[in-house]
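The values are calculated or read from the model by the stated rules, or taken from the named source; none is laboratory data. Model, not experiment: these values are computed from the prediction. All Cβ positions, glycine included, derive from the backbone under ideal geometry; neighbour counts span all protein chains shown. Just the protein is used for accessible areas: all its heavy atoms, side chains included, with ligands, DNA and RNA removed. Shrake-Rupley method; radii C 1.70, N 1.55, O 1.52, S 1.80 Å.
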Number of protein chains: 2
Amino acid sequence: MEYKLKKYNKKAKYSYSLGTYPTIDLLKYRSECVLKILLKREGVGSEGVDTVISLCKQKGIDYEIQDRVIDRLFLKENTYVVGVFEKYDMDLGREKNHLVLVNPSNTGNVGTIIRTMLGFGFYDLSVIKPAVDIFDPMVVRASMGSLFQVNVRYFESYKDYSGCFANRAVYAFMLGGKYELNSVEFKTPCTLIFGNESKGLDSEYSDLGNSVYIEHSSEIDSLNLSVAVGIVLNRFKSAAR
Amino acid sequence: MEYKLKKYNKKAKYSYSLGTYPTIDLLKYRSECVLKILLKREGVGSEGVDTVISLCKQKGIDYEIQDRVIDRLFLKENTYVVGVFEKYDMDLGREKNHLVLVNPSNTGNVGTIIRTMLGFGFYDLSVIKPAVDIFDPMVVRASMGSLFQVNVRYFESYKDYSGCFANRAVYAFMLGGKYELNSVEFKTPCTLIFGNESKGLDSEYSDLGNSVYIEHSSEIDSLNLSVAVGIVLNRFKSAAR
């Protein structure tokens with residue numbers, strides 16, 4: 001590789017998958033974006049690392065033992081395998097169901113949500129800025145590699161998104177929603193909207209379609225964002241059967 | 001206070017609630033355990049801090065401006081309010097529904113799970129060792145203070161737990177479970193068991209009662225633990241209505 005690898009920077013053209021399983025998914029689903037695979041010597045021989053090496057051979061991708069580089073950049077992450085990949089652009093499927101996250105700020109939540117989406121058959125995520133960088137290695141890691149099977153597109157505003165994707169059934173999840181989740185009969189293709197971790201959705205979102213709440217006790221202010229998304233996507237999938 | 005406050009240590013007799021809302025819940029629900037409240041000067045005058053101060057006055061609890069102590073111990077946590085409290089023992093309600101976490105290892109997950117429990121009317125958590133320390137300030141914070149309304153008791157093994165709490169309807173959540181979640185009719189008082197974040201439950205748990213799975217696509221290995229618990233508790237609550 002001709003450039004010196006640096007700590008992740010959101011302005012950089014490349015990012016990292018940390019760990020065996022995220023890197024296996026990178027090699028399986030986005031191999032055209034892989035620049036190189038770095039390995040630590042002590043991992044070689046383990047089943048996961050052997051799978052990484054055989055995928056590299058099969059797809060003609062370079063891999064190198066680079067203990068010093070991995071320790072310099074990712075000592076804290078305690079990993080044997082690093083995938084270096086070029087960031088890529090994605091678009092959303094027009095006929096697909098979409099999840100919209102408005103201003104998500106926590107990398108762990110967004111990664112967990114992407115993993116949950118894949119678990120319940122959602123492949124298209126719209127992210128309204130400002131928001132976390134989905135190529136942040138902490139998102140990749142929390143997604144367990146699911147990021148590489150999901151389409152993500154950023155928009156400057158919800159209006160920009162809805163301008164591109166009109167005529168959809170819209171469900172906005174908010175504390176003061178009009179309908180209780182279990183009473184909703186979802187139409188498709190749909191757009192499910194969730195707000196920021198601490199602020200939720202502004203009341204203006206209740207006018208965009210159906211506003212929906214998840215019933216919970218008044219002893220908590222709200223559910224954790226990734227838990228709320230999990231409950232909704234699970235219910236969506238059960239209702240669709 | 002006669003001792004010098006130190007960074008949190010799981011062997012210490014006291015712990016910390018970091019942030020306004022967890023500390024308000026500490027003062028509301030476990031005021032008898034509070035040793036002292038520490039505040040940063042710049043927070044005084046905000047609504048949250050004023051609520052903390054008025055709760056302290058109402059309950060006769062000392063509060064002090066201690067910018068230097070807070071910066072020394074919790075600079076990274078960026079907080080104006082710290083509650084110092086003595087750890088306490090709890091027991092589980094015999095007739096109540098219980099959640100059992102076997103060897104949970106992630107503070108954020110456990111805190112989020114406790115918050116979700118409170119949201120869905122579960123007040124009793126059994127934790128099988130080895131496991132995270134529920135008084136770790138990161139658990140308190142992720143629970144958003146919900147910890148102070150939930151009973152938590154540690155056991156050396158599941159057998160120790162079931163020896164104390166026999167004759168309950170037991171549901172073990174695992175990938176190879178026998179029943180799909182939506183087909184289960186929960187009996188009460190029940191015990192819902194979830195495994196460790198990376199390993200799940202051993203197959204021996206399937207013999208303890210009903211083994212249950214949450215249907216998801218094969219594109220992911222498993223759901224995130226706190227997402228899985230959220231889906232199950234939500235479904236439990238919906239089914240009980």
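Odds and ends about this structure:
- Options B:I113, B:I128; residue that is within 23 Å of A:G230 (Cα to Cα) and of a type in the set (V, I, T): B:I113
- Across the stretch B:35-64, the number of residues qualifying as among the hydrophobic types (A, V, I, L, M, F, W, C) and open to solvent by 30 Å² or more (accessible area, probe 1.4 Å) comes to 2.
- Any hit, the stretch B:193-203, residues being more than 27 Å from A:I113 (Cβ to Cβ), in a helix (DSSP H, G or I) and at pLDDT 95 or above: no
- Annotation: of all residues in the stretch B:107-130 being assigned to a loop (DSSP other than H, G, I, E, B) and in contact (Cβ under 8 Å) with a residue 60 or more places away in the chain, the one that is farthest from the other protein chains (Cβ to nearest Cβ) is B:F122.
- Flag for B:K178 being away from chain A (no Cβ under 14 Å), open to solvent by 50 Å² or more (accessible area, probe 1.4 Å) and either closer than 30 Å to A:Y21 by Cα or β-branched (V, I, T) (or both): yes
- Residue within the stretch B:131-141 that is within 14 Å of chain A (Cβ to nearest Cβ), of a type in the set (K, R) and farther than 30 Å from B:F186 by Cβ present: yes
- Conditions (1) open to solvent by 10 Å² or more (accessible area, probe 1.4 Å); (2) assigned to a loop (DSSP other than H, G, I, E, B): number failed by B:V170: (2)
- Residue list for the stretch B:109-128, filter: under 14 Å from B:D91 (Cα atoms) and polar (S, T, N, Q): B:S126
- Condition met for B:S146 (touching a helix residue (DSSP H, G or I) at 6+ places or on another chain (Cβ under 7 Å) and within 14 Å of chain A (Cβ to nearest Cβ)): yes
- Considering the stretch A:190-209, the residues that are more than 24 Å from A:G121 (Cα to Cα) and among the acidic types (D, E) include one that is least open to solvent (accessible area, probe 1.4 Å), namely A:D202.
- Selection of the stretch A:140-164 for residues being of a type in the set (K, R), surrounded by fewer than 21 Cβ atoms within 10 Å (Cβ to Cβ) and not in a strand (DSSP E or B) yields only A:K159.
- Top-ranked residue of the stretch A:187-220 - restricted to ones that are within 8 Å of chain B (Cβ to nearest Cβ) and touching a residue at least 12 places away in the same chain (Cβ under 8 Å), ranked as farthest from A:A166 (Cα to Cα): A:E215
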